[in-house]
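This report refers to the structure that appears directly beneath it.
What follows is calculated from the coordinates using simple rules that are stated; it is not laboratory data. The structure displayed is predicted, hence computed values, not measured ones. We place every Cβ from the backbone using ideal geometry, glycine too, and count neighbours over all the protein chains shown.
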Amino acid sequence: MNIFLVVVCCVMTIMILLASFYFLVYFSSEEDRNTAYVPKCIVVVGLTLVCLTVLMLPLDVANRQSDGGFDMEFLWNLVYTAQGAFALILIPSTLFYYEAEDPESREAQCWTAIKFEVSTLLVVCGLWIAFWLAFGTADIPIADFTANVSLVPATADVNCDDYLQRVHCVTSWAAAAVRIQCGPLVYFMAIVAFFGWFFFVLFVGIGLTSLPMDLLVDFTTRPQPIDLQEYAKQKMLLNERAQKLMEVANKLGVDAHRSGDRRTRTTYNKFKQAVFFLERDWDKVKMAYKERGGNPIRFCFQFLCGIASVVLSVMWFIHILLYVFISPPPTLFLNSLFMKLDDAFPLFGVLAYAAFASYLLFALLKGCMKFGVRFFCVPIHPLRIGATMVNSMLFNVWLLQLCSFSLIQFCWRAFRSYARFTSADIIFGQQVNYLEGLGWFFRKNIFIYTLVFVMTSTMLYLCIWPNDKRALEEDDEDF
């Protein structure tokens, strides 16, 4: 076993765990201080698991290159079993319990969480087992070669080229397929990835465009120093908006988020969007007056992040067009970059891959948020520094958990040359890619074509309507 690889894995795991804990402390709301310890532990461990899953592909590559001695097939199954436990059991049950909070009856809160969790497990496990029994086979294509040649004694001294010209040799080949039965864990990974692809395509497609645009727009509209008179004026306007939202809240009631009426749920989602923008505008006003526009280093960093996001989004777009959509690809593009960095020093390629893969996670969260503030099909769960409730953290980690299956499959497809001859290549390239039924969507790159379509459509949409409209304004019929 490669000791250096073992040490790197241990160090990376500890660093990711500490970073996940810092994320929790950095974003956690004051209202949740010293409470909800179990949900917070689930957030930290779940986020750590997501990051480790993303880094499984370069670990697989490093293990193949250096003969590291890891049983990668076992590790893939272990990671996806843990992912399934978090995505289907731990996070949903905790989120159901947290959302069903009832100060008057703790038993009703527990019963509600159990009811929803059992229903979820019955549906998911039923679909998983039924589809695996019916379509759990993969037809892997092979080339069947046949030849008719004369046998030669092993001790004969024969020139092969001259001999083949003298003997009668007929060689032919035909397309064939080998049918194998996929394991239940592999099929579980495939079916969760299939459903996760719908969220991945929509939110990542939106995020790859909106993330760099919003970072640069926020930099250009950063708070500017204001005097006391302007501060009092803005405070009065924000107070009027707050009073109107209080009226809406009283009409909705405390159980609006659990209402079965579509109109009520839509109004509640609009209410959450309006509250989010009100709080953000109030923070900007306080920063403009009390901090005289805020720390310029922070906004310079935001600008640099915006430029880096533009570069990463453009490179992802070019790589998909040149490597995924064109067969054979005219260039390996990012695959070549990772290989050259690995040749220079093994960790460089891993870090480059981690940057591109992690950027997809940020785009996923940004796309979900952007979709929520524009279309009110789902409630928003913003991540705000020092003001994020545990239920919002749980939702975002759950979304990352669900889409991590699709993300790994997408990264394998995008970096297939980099990940060749690995266990991931066997799982995704031979089993999942040729599954009966689901495999057609993966082989034809249906989801990736849709991702590019959503990305370009979002760019056009944001160029025409760049600003997010505050919901529940006076002209809103739901107000």
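Summary of computed values
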| read-out | value |
| --- | --- |
| Principal-axis tilt of helix 106-135 within the chain, Cα atoms, nearest 10 degrees | 20 |
| Helix axis angle, 56-66 relative to the chain longest principal axis, alpha carbon, degrees | 30 |
| Residue order, fewest to most surrounding Cβ atoms within 10 angstrom, among Tyr22, Tyr289 | Tyr22, Tyr289 |
| Ordering of 361-371, 431-441 by packing [mean C-beta count within 10 Å, highest first] | 361-371, 431-441 |
| J(HN,Hα) series, region 382-388, from Karplus relation 6.51 cos²θ - 1.76 cosθ + 1.60, nearest Hz, glycine and proline x | x, 9, 10, 4, x, 8, 9 |
| Options (1) 22.1; (2) 24.6; (3) 30.2 - which one matches mean projected area of the Cα convex hull in nm² as calculated here | (3) |
| Packing-based order for 398-408, 262-272, using average beta carbon neighbours within 10 Å, highest first | 398-408, 262-272 |
| Nearest 10 degrees, 0 to 90: helix 228-252 Cα axis against the chain principal axis | 80 |
| Under 12 Å, Cβ to Cβ, from Phe70 - net charge with Lys/Arg +1 and Asp/Glu -1 | -3 |
| Sequence ranges 384-395, 298-309, 84-95, ranked by mean other-Cβ count within 10 angstrom, highest first | 84-95, 384-395, 298-309 |
| Sequence-separation-based contact order of region 1-136, relative, with Cα cut under 8 Å and 6+ spacing, percent | 22 |
| Over 28 Å between alpha carbons, listed pairs Lys251/Lys286; Lys244/Lys290; Lys284/Lys370; Lys115/Lys469; Lys340/Lys370 | Lys251/Lys286; Lys115/Lys469; Lys340/Lys370 |
